Amino acid sequence: MTTLVGLDLAGRAVLVAGGGPVAARRAATLLDGGAAVTVVAPQLCEDLVDRVLADEVVWHRRPVEQSDLDGVWFVHAATDDSAVNAEVCRWATDRRVWSVCASGASLGTARTPASTRHAGLTVAVTSVGDPDPARAARVRDQLAGTLTMGTLDLRHHRRGSGSRGRVILIGGGPGAADLMTVRARRALFEADVVVTDRLGPTSILDSLPGDVEVIDVGKAPGRHAATQHEINAILIDQSGRGRVVARLKGGDPFLFGRGGEEQQALAAHGIPVEVVPGVTSALSAPLAAGIPVTHRGTVASVHVTHGHRQLDQSALDVVVRRHATLVVLMGVGRLASHVDQLLAAGSDPLVPVAIVEDATLPTQRVTRAPLRQIVEAAAARGVKAPAVVVVGAVADPSLLAAAPVDAATLDAAAST
Ligand code: SAH
């Protein structure tokens, strides 16, 4: 029988007998746990040489001997000679020192479990009776997979004294729950409190554990959205109480997501921040409408801007000169004025435009028209935010329907 325990080896003397790759792996695990590792072996593999050169382990260049066990808490016998390993383990047992034997778990008094680290936890698997390391490793791999799926409640229930809160800025993708990344889901399920917007995968909030507090800072009909200053204050206050705060945002946190501002505000208060990238609507909304933002032979760049104000000169240029696709976020309100600007700047009135509302959600709707008719078309259908406006040849509905240009021709064109 084996009993799984968590050893605190930090700063404690541990002996590794042997200098090969197995010894190197064992030493790596022990060093990870902060152990003071001494390696005894006539020769070392490259990994261990690196560790010696980096002063991470002490090396005695000779065969292992009994006195090497003096003062150690734990021994790994990992030489290439199983008789030597067995002897090292016997010496250890005589001295009441726990030992792991690389050439046969039953020769030592301890086993190294197959383990995986995740969200501040170590999950370890070991066989109870006869050792079966391959089985333990396989089960460990499956558990690691489940942990990264982001469906387990990973919140801390007991906090170390003085444990500090932190904030995870999470890019939630454009809206469909299954366009969140695995990392985003995992981060969400670690949180004690979720600060959310109106955009992004809000449907996922229903599957959070019931006692997770959800603070909605988005604009709802008849209610003011919280200002950025108020949002920052909420993040600082919540994390200041020692909580793990998930700040769930639509798309990517750093693309017109004000994630940078939130990170600055938190950093100014010394609050640790993790940022999880997300699938941005700037690229995924066109895709959801069947529009490739770049397309070989059509256009090779994409310019993303916001529509809060007038379009700037660089945004106008890409349409007038037709050298990039223009993607405008938050552009529905000023659509008419942007179209006027583009036409006045010399755009072709027939340049294709597509407006993608509620991209990736069941309510997604796409409105297409040439530049000179898009305002009328949008008004006729009552187009409203959130929507992404795509301007350029790639928005032509017939683009992907047409027979592809021969790839060899494109390759030849690209290499000229
Ligand atoms: N950080 C976000 C953008 C935030 S700005 C991202 O990377 O996607 C908000 C704007 O994003 C909206 O006004 C709209 O233009 C766009 N947007 C976000 N989600 C959208 C969706 N599902 N469909 C269409 N547009 C969307």
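A few remarks follow.
- Residues in region 156-172 that are closer than 22 Å to residue 264 by Cα and either modelled with pLDDT under 95 or in a strand (DSSP E or B) (or both): 163, 164, 165, 166, 167, 168, 169, 170, 171.
- Evaluation of residue 180 against (1) closer than 16 Å to residue 279 by Cα; (2) surrounded by fewer than 22 Cβ atoms within 10 Å (Cβ to Cβ); (3) modelled with pLDDT of 90 or more (one fails), failing number: (2)
- The residues of region 380-408 that are surrounded by 12 or more Cβ atoms within 10 Å (Cβ to Cβ) and more than 16 Å from the ligand (Cβ to nearest atom), listed by number, are 392, 393, 394, 396, 397, 399, 400, 405.
- Scanning region 4-15 for residues that are surrounded by 14 or more Cβ atoms within 10 Å (Cβ to Cβ) and out of contact with any Leu (no Cβ under 7 Å at 6 or more places or on another chain) yields 7, 12, 13.
- Search result, residues across region 193-202 that are within 12 Å of the ligand (Cβ to nearest atom) and among the hydroxyl-bearing types (Ser, Thr, Tyr): 202
- Pairs where the first residue, in region 374-388, is in the same structural domain as residue 353 (by TED's automatic domain parsing) and assigned to a helix (DSSP H, G or I) and the second is at pLDDT 95 or above and more than 15 Å from the ligand (Cβ to nearest atom), C-beta under 6 Å, 6+ apart: 375/336; 375/339; 377/369
- If you go through region 113-135 and pick out every residue that is at pLDDT below 90 and within 16 Å of residue 22 (Cα to Cα), you end up with 2.
- Selection within region 314-352: residues that are closer than 24 Å to residue 176 by Cα and among the β-branched types (Val, Ile, Thr). The member of this set that is surrounded by the most Cβ atoms within 10 Å (Cβ to Cβ) is 327.
- Residue match in region 126-146 (condition: buried (at least 18 other Cβ atoms within 10 Å of the Cβ), outside any helix (DSSP H, G or I) and in contact (Cβ under 8 Å) with a residue 60 or more places away in the chain): yes
- Taking the criterion of being in contact with a Ser or Thr (Cβ under 6 Å, 6 or more places away or on another chain) and not in a loop (DSSP other than H, G, I, E, B), the residues of region 389-416 that qualify are 393, 394.
- Subset of region 322-334 that is within 16 Å of the ligand (Cβ to nearest atom) and not hydrophobic (A, V, I, L, M, F, W, C) - its residue that is farthest from residue 298 (Cα to Cα): 333
- Residue in region 30-50 that is loosely packed, with under 14 Cβ neighbours inside 10 Å and within 16 Å of residue 112 (Cβ to Cβ) present: yes
- Qualifying positions in region 28-46 - hydrophobic (A, V, I, L, M, F, W, C) and under 20 Å from residue 87 (Cβ atoms): 39, 40, 41
- Hits in region 245-290 (condition: touching a Lys or Arg at 6+ places or on another chain (Cβ under 6 Å) and more than 8 Å from the ligand (Cβ to nearest atom)): 272, 276
- The condition (being out of contact with any helix residue (DSSP H, G or I) (no Cβ under 9 Å at 6 or more places or on another chain) and more than 15 Å from the ligand (Cβ to nearest atom)) is satisfied by just one residue among 337, 347: 337.
The values are calculated or read from the model by the stated rules, or taken from the named source; none is laboratory data. Computed from a predicted structure; not experimentally measured. Because the Cβ atoms are built from the backbone with ideal geometry, glycine has one as well, and the counts that use them run over all protein chains shown.
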